[in-house]
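Student: Once you've had a glance at the structure underneath, I'll fire off some questions.
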Amino acid sequence: MTSFAKVAEHSARHPKPEGVTFEYGTAGFRTLGETLASTVFRSALLAALRSQSKQGRVIGVMITASHNHERDNGVKLVDPMGEMLQQSWEGYCTDIANADSDAQVVHILESIVKAEGIDTSIQPKVAYARDTRPSGPLLQAALEDGLTALEVEVTNYGVVTTPQLHYFVRCLNTEHSSAPYGDPTESGYNEKYGQAFLRLVEGKPQPSTLHIDAANGVGAPQVRKLADAIASPYFSIDVRNSDTETLGKLNIDCGADYVKSNQRPPAGTSLAPGGRYCSFDGDADRIVYYYADEHGIFHLLDGDKISTLVATYLRDLVAAAGLSDLQVGVVQTAYANGSSTSYIKDTLRLPTVFAKTGVKHLHHEAERMSIGAYFEANGHGTVLFNPSAVDKLQEAKPTTPAQADAIGRLWALRDLINESVGDAMSDMLLVETILICKGWTLAQWDAAYTDLPSRLLKVVVNDRNIFKTTNAEQTLTSPPGLQDVVDALVAKFPKGRSFVRPSGTEDAVRVYAEAATRSDCDQLAYAVAGAVFDKAGGRGERPAEFL
Ligand code: G16
């Protein structure tokens with residue numbers, strides 16, 4: 001029987017900072033690392049209850065702030081199949097993080113037990129890990145104190161990528177089932193994905209070296225271990241921005257978020273024409289590719305390009321396997337480039353739906369499809385095989401060697417993909433597989449369609465909570481009147497599109513714009529950002545580069 005007797009005493013060691021309000025946002029709590037100890041301690045308590053509410057299955061806790069600045073940190077809970085925490089529990093997380101006293105922390109735990117009908121005699125189990133941030137060890141200690149207070153059975157995975165922790169949780173919870181996901185260890189991860197990759201590419205022409213920008217984060221050591229496990233010329237890599245020791249380097253002037261937002265290579269990287277490049281973010285859950293053409297012009301292959309590449313490949317394999325009733329679909333967010341959406345609908349003729357930002361939203365939409373590819377433009381995403389699709393693959397009776405080959409490749413692809421969450425390393429192997437099988441350069445991949453020029457800006461405001469949206473975050477309902485201003489600006493530019501939404505991971509409002517030309521796009525983006533700044537309490541410098 002779990003007792004809350006020790007909770008108040010342990011909680012007193014991690015006082016909540018005064019005047020700070022915490023919110024479980026797009027991907028858990030994210031804010032200055034130095035303010036987070038109480039929140040991480042309390043997240044441990046909730047993870048224990050969540051485990052008991054799931055009959056003692058393992059819940060994951062990841063300490064990371066992913067793409068954010070190094071001084072930030074964060075914590076999120078991972079549900080038993082490696083997916084993001086069920087949304088109905090996010091409110092509990094926010095409530096307990098903001099409890100004003102140790103007694104209130106206990107009171108909230110008791111009320112959750114009652115509301116969820118939790119059997120507290122069940123042994124809770126939690127697996128946890130952290131990224132390379134300097135505040136990580138202290139926050140880990142706070143987490144461990146919370147787990148100790150509730151006598152949780154723990155597995156500490158140390159410093160790993162966020163998607164690895166998601167994978168471990170899924171493996172731990174399926175270990176003794178009829179469909180074990182894999183061995184819940186780093187070497188099990190490398191073995192599973194590495195072997196699937198080799199099964200798919202062996203016998204094809206070998207690719208040139210892939211230059212990987214690891215954002216000076218945990219992806220650097222982990223991708224090297226993956227390469228050691230693969231030990232094949234099919235995966236020849238050169239890892240850059242791999243300094244996880246020097247303070248102040250994580251995600252700075254490098255990494256997937258920098259490359260996508262600035263639409264240029266990491267600082268200090270000169271791209272050789274024909275070379276192959278990609279960037280992870282700080283915890284390796286996002287990936288984007290890029291290259292320079294023969295004129296030295298930079299070209300970005302972002303999450304939209306990855307999803308169209310993957311969806312096309314899966315669609316063709318399903319057809320070659322003779323499984324015409326298996327429908328491949330694509331899930332995007334409002335950030336998807338308009339050209340990619342048109343390409344999916346009009347050229348690929350695949351169903352596509354829009355979800356709110358945050359992989360948790362895309363994941364749920366993709367679960368409804370037979371085979372659902374979901375990617376955010378920022379490079380975060382994966383592919384899900386619905387159980388009915390898996391059944392159809394199992395029942396398939398190939399009548400030709402070509403059909404048998406396609407079915408075998410679909411099985412191998414399923415082993416190659418981290419279905420629990422978007423994963424830079426697994427996604428990279430997936431992209432590499434498709435490029436190797438097609439014998440494509442990055443430029444050939446890029447040729448499918450041309451992106452509309454786009455721009456993503458951040459505006460810092462006094463209170464981003466006044467921003468409310470609807471229509472998959474494409475329309476503002478608050479502050480009053482601001483959407484009308486955005487609409488009027490958009491109407492001035494051919495193929496113009498713009499929207500404004502509050503970030504769930506940073507203290508800022510995001511402004512996205514696209515239009516037919518680079519100049520129009522930038523004018524639109526800065527005009528909308530200026531309107532946000534003027535009408536909704538902008539702080540600091542007004543965004544006005546082009547006005
Ligand atoms: C997280 C989420 C992503 C989301 C991104 C930005 O990424 O996992 O789904 O797109 O934040 O969210 P927002 O615009 O709300 O700040 P990461 O890589 O930081 O975990």
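Student: Taking 0.36 nm per residue of separation and subtracting the Cα-Cα distance, what length does fully extending Ser236 through Asp183 add?
Tutor: 16.6 nm
Student: In nm, what is the difference between 0.36 nm times the number of residues separating Lys535 and Lys495 and their Cα-Cα distance?
Tutor: Extending this stretch completely gives an extra 11.9 nm.
Student: Right, another one. By DSSP, what percent of the beta bridges with both residues in the chain are antiparallel, rounded to the nearest 5?
Tutor: Of the beta bridges lying entirely in the chain, close to 60 percent run antiparallel.
Student: Can you give the alpha-carbon Rg of the range 303-406 over 2.2 N^0.38 Å, where N counts its residues?
Tutor: The range 303-406 yields a ratio of 1.07.
Student: Given the DSSP H assignment, sum -39500 (n - 2.57) over each helix run of at least 4 residues in the chain and divide by its residue total; what's the result at 222 nm in deg cm²/dmol, nearest 500?
Tutor: -12000 deg cm²/dmol
Student: Could you work out the local net charge near Thr244, counting Lys and Arg as +1, Asp and Glu as -1, over the other residues with Cβ closer than 15 Å to its Cβ?
Tutor: Spelling it out: positives minus negatives among the neighbours equals -1.
Student: By how many nm would the segment from Thr441 to Ser121 lengthen if fully extended, with 0.36 nm per residue of separation less the alpha-carbon distance?
Tutor: 109.5 nm
Student: Which order do the peptides 216-222, 152-158, 381-387 come out in when sorted by mean C-beta neighbours inside 10 angstrom, highest first?
Tutor: Ranked from most to least packed, the peptides come out as 216-222, 381-387, 152-158.
Student: Quick check on packing: order 321-333, 52-64, 515-527 by the mean number of other C-beta atoms within 10 Å, highest mean leading.
Tutor: So the peptides 321-333, 52-64, 515-527, ranked by packing, come out 52-64, 321-333, 515-527.
Student: Run the dipole for the range 454-535 about the Cα centre, Lys and Arg Cβ at +1, Asp and Glu Cβ at -1, nothing else charged, and hand back the magnitude in debye, nearest 20.
Tutor: Here the range 454-535 has a charge dipole of around 140 debye.
Student: Which whole-Hz ³J(HN,Hα) couplings does the range 531-538 yield from phi under the Karplus relation 6.51 cos²θ - 1.76 cosθ + 1.60, θ = phi - 60°, glycine and proline marked x?
Tutor: 5, 4, 4, 6, 9, 9, x, x
Student: Follow-up. With every protein chain kept in the model, how would you rank Asp72, Asp131 by accessible area, 1.4 Å probe, largest at the top?
Tutor: Asp72, Asp131
Student: Let me ask you something else. How big is the range 454-535 in terms of Cα radius of gyration and Dmax, in angstroms?
Tutor: Computed over the Cα atoms of the range 454-535, radius of gyration and Dmax are 11.6, 33 Å.
Student: Going toward the positive end of the dipole of the range 303-406, with +1 on Lys and Arg Cβ and -1 on Asp and Glu Cβ, which of Ser324, Gly358, Ala406 do you reach last?
Tutor: Gly358
Student: Can you pull a Stokes-Einstein diffusion coefficient for the chain at 37 °C (0.692 mPa s), Rh from Kirkwood over Cα pairs, as a whole number of µm²/s?
Tutor: Estimated diffusion coefficient is 136 µm²/s.
Student: Mean separation of Cα pairs under 8 Å and 6+ residues apart, divided by the residue count of the range 164-260: what relative contact order is that in percent?
Tutor: 25 percent
Student: Also: If I take every Cα pair under 8 Å that is 6 or more residues apart in the chain, average their sequence separation and divide by the length, what percent do I get for the relative contact order?
Tutor: 12 percent
Student: Separation between the Ser111 and Ala404 pseudo-spin-labels, each 7 Å from Cα along Cα→Cβ, expressed in nm?
Tutor: Rounded to a tenth, the inter-label distance reads 6.3 nm.
Student: Pop out the ³J(HN,Hα) list for the range 292-308 in order, Karplus 6.51 cos²θ - 1.76 cosθ + 1.60 with θ = phi - 60°, rounded to Hz; leave Gly and Pro as x.
Tutor: Listing the rounded values in order: 10, 7, 5, 9, x, 7, 6, 10, 9, 10, 8, x, 5, 5, 5, 5, 6 Hz.
Student: Relative contact order (percent) for the range 303-406, with alpha-carbon contacts under 8 angstrom and 6 or more residues of separation?
Tutor: Over the range 303-406, the number comes to 33 percent.
The values are calculated or read from the model by the stated rules, or taken from the named source; none is laboratory data. Nothing here was measured: the structure is a model prediction, and the numbers come from that model. Every residue, glycine as well, gets a Cβ built from its backbone with ideal geometry; the counts of neighbours run over all protein chains shown. These accessible areas exclude ligands, DNA and RNA; they are computed on the full protein's heavy atoms, side chains included. Shrake-Rupley method; radii C 1.70, N 1.55, O 1.52, S 1.80 Å.
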